[in-house]
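Quick one: structure below, then a few questions.
The values are calculated or read from the model by the stated rules, or taken from the named source; none is laboratory data. On a predicted model such as this, the values are computed, not experimentally measured, just so you know. No Cβ is skipped: glycine too gets one built from the backbone with ideal geometry, and neighbour counts run over all protein chains shown.
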Amino acid sequence: MPKPKVIIAKLGLDGHDRGAKVIARALAEAGFEVVYTGIRQTPSQVIETAIQEDAKLIGISILSGSHMELIGELMRIMRERGVSIPVLVGGIIPPEDRDALLKMGVAGVYGPGTPLREIIDIVKKLTGVS
Amino acid sequence: MKIEELLERARNWDKLAIAKLITMAEEGVEPQLDVRRRSHVIGITGPPGSGKSTLIYTMARKIPQDKRVAILTIDPSSPFTGGSFMGNRIRMQELTSKPNIYIRSMATRGIRGGLNYATVAAINILEYAGADYIFLETVGAGQSDTDVKYVADTILVLVPPLSGDEIQALKSGLMEIGDIYVVSKSDNPASESTYRDLMAMVDMVREIKGETWRPTVLKVSGLYGYGVDELLKVIDDRFGELMKNGRLDNTLRSRRTLEMRLYAYDLLEKSLNEAKDLESKVINGELSPRDAARRLLNYYDKPRLDHVAVAIKNIDEAARKFRELGLRVSDPIVVEEQGVKVVMVMLGNTKIELLEPLGPETTVAKFIEKRVRVFTT
Ligand SMILES: Nc1nc2c(ncn2[C@@H]2O[C@H](COP(=O)(O)OP(=O)(O)OP(=O)(O)O)[C@@H](O)[C@H]2O)c(=O)[nH]1
Ligand SMILES: [Mg+2]
């Protein structure tokens with residue numbers, strides 16, 4: 001049995017997706033089925049993708065600086081659509097925003113230097129893989 | 001949510017319900033669906049990077065919004081970790097929010113690397129949910145191409161601009177299965193010669209496959225949209241034909257048998273993984289590899305009727321009559337020590353052994369003497 005399906009998406013307008021792709025590949029290596037959506041996704045597209053794929057976790061990469069608005073909108077749409085799966089956020093996030101994101105219900109926030117091992121472990125834990 | 005409720009909601013094109021049903025199928029649940037043919041299942045195959053996802057995107061965008069469109073894209077699973085990187089959605093981003101379109105990424109899973117039973121189940125679920133079109137993007141290599149012909153009503157083969165030699169190399173496999181051949185990326189000037197080479201190739205394959213095989217060959221550009229309207233028309237016309245001549249129900253039957261085969265592969269893989277005791281017996285020489293395989297599949301455990309012997313006076317006459325009935329009959333062999341001539345008649349998993357005595361003093365001759373003829377030919 002493969003590990004659960006997860007979605008890795010780039011929210012916002014910046015076009016740098018190297019980091020997101022590296023994470024997606026690493027999770028696939030770790031045995032997950034990883035749907036990579038590509039760049040410039042809107043929050044509603046990401047939620048819609050999660051519904052159609054029946055994903056068990058969403059990993060978001062944001063570098064544009066507009067994480068507060070975009071994640072706020074993402075969490076709101078999730079509540080509206082009744083989707084309750086963990087959301088992880090990666091990117092350059094100032095410490096004060098980090099706490100605010102966690103308060104919004106995000107399951108974890110990870111900066112650029114986070115070891116891949118750590119990310120794989122948290123994804124395993126959040127999706128119930130031993 | 002209960003499965004009945006999910007099925008009810010799926011009928012209304014509720015994507016959350018469809019998604020949950022497909023996941024259940026992947027996890028081994030077998031929903032009993034009364035599938036009536038209504039979807040045109042279109043398999044899209046072609047070498048990696050030939051433009052499959054881009055073309056599906058452009059077609060789906062052009063299909064009227066009152067039609068329900070489902071897209072299944074298949075990516076390979078790693079045989080080592082079971083993981084899969086699924087990137088086909090990148091080319092279809094704009095379709096995500098369209099109410100009439102449902103997209104699902106599925107991994108090949110398992111050692112075999114073609115389609116898996118869940119893909120077939122997903123097609124059934126989507127047809128049940130009322131899809132008008134189901135596009136199935138394969139990984140474009142190996143087993144998936146042989147599998148796809150059992151589930152798709154129409155197979156579209158993409159051939160990117162290639163050299164003549166590369167087209168030659170495509171011949172094995174891809175050239176046999178297509179209903180529609182598409183030279184993709186036709187915005188590229190090199191596609192002109194690919195088109196000519198492909199036409200020549202189709203003519204050549206026709207000499208082997210017979211005159212009735214008349215696939216359409218088209219040039220399209222998924223990226224720029226050239227030729228896509230024409231392609232959609234060919235696809236729709238073909239569906240009309242298939243509906244008229246009753247061929248859609250054939251695919252429903254082959255879909256069922258494919259699902260059986262693919263599920264059997266999965267079960268086999270599981271029992272192989274669990275057969276540690278057999279493995280150690282093979283390693284230490286207690287069992288031969290082939291005997292162990294037979295034991296794994298229970299070939300020895302069930303008693304089986306090997307044959308029924310019938311003594312008869314004129315074996316050649318009887319053999320002829322059995323042949324006339326369409327049965328497979330062996331050539332006669334003479335077994336001197338037992339004083340008989342023997343012919344085997346094959347009946348599925350058992351056989352009849354016909355015995356004709358070689359002389360009046362043999363056991364078999366005496367046996368016939370003593371009994372009434374119970375067997376009429
Ligand atoms: N010039 C040109 N490029 C195209 C066209 N269609 C696709 N491409 C490009 O070809 C590359 C592969 O396209 P995809 O649609 O992902 O091809 P695919 O066959 O789905 O690829 P895999 O799923 O990886 O096997 C991308 O960079 C596309 O932008 C086309 O009509 N013209
Ligand atoms: Mg693709």
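How many residues, within segment A:21-44, are part of a helix (DSSP H, G or I), among the small types (Gly, Ala, Ser) and surrounded by fewer than 24 Cβ atoms within 10 Å (Cβ to Cβ)?
Qualifying residue count for the region: 2.
Quick test for you: out of A:69, A:48, A:80, A:96, pick the one residue that is surrounded by fewer than 19 Cβ atoms within 10 Å (Cβ to Cβ), in a helix (DSSP H, G or I), within 14 Å of chain B (Cβ to nearest Cβ) and not basic (Lys, Arg).
Answer to the check: A:80.
Filter segment B:76-123 for residues that are within 16 Å of ligand 2 (Cβ to nearest atom) and of a type in the set (D, E, K, R); which is nearest to the chain's Cα centre (by Cα)?
By that ranking, first place goes to B:104.
Could you list, in sequence order, the residues of segment B:167-216 that are within 15 Å of ligand 1 (Cβ to nearest atom), among the hydroxyl-bearing types (Ser, Thr, Tyr), more than 18 Å from residue B:138 (Cα to Cα) and in a loop (DSSP other than H, G, I, E, B)?
B:186
For segment B:32-69, which residues satisfy the criterion of being within 14 Å of chain A (Cβ to nearest Cβ) and within 16 Å of ligand 2 (Cβ to nearest atom)?
The answer is B:53, B:54, B:57, B:60.
Among the numbered conditions (1) of a type outside the set (Asp, Glu); (2) assigned to a loop (DSSP other than H, G, I, E, B); (3) more than 11 Å from every other protein chain (Cβ to nearest Cβ), tell me where residue B:82 comes up short.
Unmet for residue B:82, out of (1) of a type outside the set (Asp, Glu); (2) assigned to a loop (DSSP other than H, G, I, E, B); (3) more than 11 Å from every other protein chain (Cβ to nearest Cβ): (3).
Would you pick out the residues in segment B:80-92 that are more than 12 Å from ligand 1 (Cβ to nearest atom) and crowded, with 18+ Cβ neighbours inside 10 Å?
B:82, B:83, B:84
Give segment B:101-140 a look and list any residue that's in contact with a helix residue (DSSP H, G or I) (Cβ under 7 Å, 6 or more places away or on another chain), modelled with pLDDT of 95 or more and of a type in the set (Ser, Thr, Tyr), or say none.
Listed by number, the residues that qualify are B:102, B:105, B:128.
Are any residues in segment B:36-79 surrounded by fewer than 16 Cβ atoms within 10 Å (Cβ to Cβ) and either hydrophobic (A, V, I, L, M, F, W, C) or within 13 Å of ligand 1 (Cβ to nearest atom) (or both), and if so, which ones?
Within segment B:36-79, B:48, B:49 qualify.
From the list A:10, A:21, A:5, which one is at pLDDT 95 or above and closer than 23 Å to residue A:124 by Cβ?
Among A:10, A:21, A:5, only A:5 is at pLDDT 95 or above and closer than 23 Å to residue A:124 by Cβ.
Still on this model: Which residue is nearest to ligand 2 (Cβ to nearest atom), if the candidates are limited to segment B:141-165 and must be at pLDDT below 85 and surrounded by 21 or more Cβ atoms within 10 Å (Cβ to Cβ)?
Per the criteria, the residue is B:144.
Would you confirm whether any residue within segment B:24-31 is within 11 Å of another protein chain (Cβ to nearest Cβ), away from ligand 1 (no atom under 16 Å from the Cβ), in contact with a Pro (Cβ under 6 Å, 6 or more places away or on another chain) and in a loop (DSSP other than H, G, I, E, B)?
no
Just the residues that are among the charged types (D, E, K, R) and touching a strand residue (DSSP E or B) at 6+ places or on another chain (Cβ under 7 Å), please, taken from segment B:1-49.
Of everything in segment B:1-49, just one residue is among the charged types (D, E, K, R) and touching a strand residue (DSSP E or B) at 6+ places or on another chain (Cβ under 7 Å), namely B:15.
Can you list the helices (runs of 4 or more DSSP H) lying wholly within segment B:221-339 that have 3 or more residues being out of contact with any Asp or Glu (no Cβ under 7 Å at 6 or more places or on another chain) and of a type in the set (Val, Ile, Thr)?
B:228-244
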